[in-house]
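*Asks:* Structure provided below as structure tokens; questions to follow.
The values are calculated or read from the model by the stated rules, or taken from the named source; none is laboratory data. Please read all numbers here as calculations on a predicted model, not as lab measurements. Every residue, glycine among them, receives a Cβ derived from its backbone with ideal geometry; neighbour counts consider all protein chains shown.
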Amino acid sequence: MARRRQATRLQRTLGSLGERFEQWADNPWRRLSVLTIAPLLGFLLGTAISSVAGVLGQLDPIMALVVVLGSEAMIRLRRQLSAAEEPRSSVVMGCLDFTRIGFLYGLFLEAFKLI
């Protein structure tokens, strides 16, 4: 027999975190600011990963694998979220997409610096 988790205050708060974020981002300016910050954070993450991999030099194949796995994980997470939600546009989906775009842009920019 499967045990049900106890409905603690922390469990309820974490369970409703996505809904609360969606309600907070209903304001167009907040939505715009969150969707503007997302690609910048992705770009920062992309340049940081490529810089660390370039400095260490020995981990190039491993870091390439980590980057590909991370990108694929973001794509699969988006598919699962889009299948679970209603068809309206979501801030979380937009943040995930824009973070991935910024991440890949940072990687490509670092790659062009090497040419």
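*Asks:* Within the stretch 53-67, is there a residue that is among the β-branched types (Val, Ile, Thr), exposed (fewer than 10 other Cβ atoms within 10 Å of the Cβ) and in a helix (DSSP H, G or I)?
*Replies:* Kept after step one, since they are among the β-branched types (Val, Ile, Thr), are these residues of the stretch 53-67: 55, 62, 66-67.
Restricting the remaining residues to those that are exposed (fewer than 10 other Cβ atoms within 10 Å of the Cβ) gives 55.
In the following step, the residues that additionally are in a helix (DSSP H, G or I) were identified as 55.
Scanning the stretch 53-67 turns up at least one residue that is among the β-branched types (Val, Ile, Thr), exposed (fewer than 10 other Cβ atoms within 10 Å of the Cβ) and in a helix (DSSP H, G or I).
*Asks:* On the basis of being aliphatic (A, V, I, L, M), touching a Phe, Trp or Tyr at 6+ places or on another chain (Cβ under 6 Å) and either without any contact (Cβ under 8 Å) to a residue 40 or more places away in the chain or in a helix (DSSP H, G or I) (or both), does Ala38 make the cut? Talk me through it step by step, then tell me what you get.
*Replies:* Details: aliphatic (A, V, I, L, M): yes; touching a Phe, Trp or Tyr at 6+ places or on another chain (Cβ under 6 Å): yes; either without any contact (Cβ under 8 Å) to a residue 40 or more places away in the chain or in a helix (DSSP H, G or I) (or both): yes.
In short, yes.
*Asks:* In the stretch 31-69, how many are touching a helix residue (DSSP H, G or I) at 6+ places or on another chain (Cβ under 8 Å), at pLDDT below 85 and of a type outside the set (A, V, I, L, M)?
*Replies:* Counting residues in the stretch 31-69 that are touching a helix residue (DSSP H, G or I) at 6+ places or on another chain (Cβ under 8 Å), at pLDDT below 85 and of a type outside the set (A, V, I, L, M) gives 4.
*Asks:* Would you point out which residue out of Glu110, Glu86, Glu72 is assigned to a helix (DSSP H, G or I), modelled with pLDDT under 85, among the acidic types (Asp, Glu) and out of contact with any His (no Cβ under 6 Å at 6 or more places or on another chain)?
*Replies:* Working: Glu86 fails: assigned to a helix (DSSP H, G or I); Glu72 fails: modelled with pLDDT under 85.
Among Glu110, Glu86, Glu72, only Glu110 is assigned to a helix (DSSP H, G or I), modelled with pLDDT under 85, among the acidic types (Asp, Glu) and out of contact with any His (no Cβ under 6 Å at 6 or more places or on another chain).
*Asks:* Now for a separate question. I'd like the full set of residues that are without any contact (Cβ under 8 Å) to a residue 12 or more places away in the chain and either under 14 Å from Leu107 (Cβ atoms) or β-branched (Val, Ile, Thr) (or both), limited to the stretch 49-69. Talk me through it step by step, then tell me what you get.
*Replies:* Initial filter on the stretch 49-69 (without any contact (Cβ under 8 Å) to a residue 12 or more places away in the chain): 52-53, 55-62, 64-65, 68-69.
Across the stretch 49-69, the qualifying residues are Val52, Ala53, Val55, Asp60, Ile62, Ala64, Leu65, Val68, Leu69.
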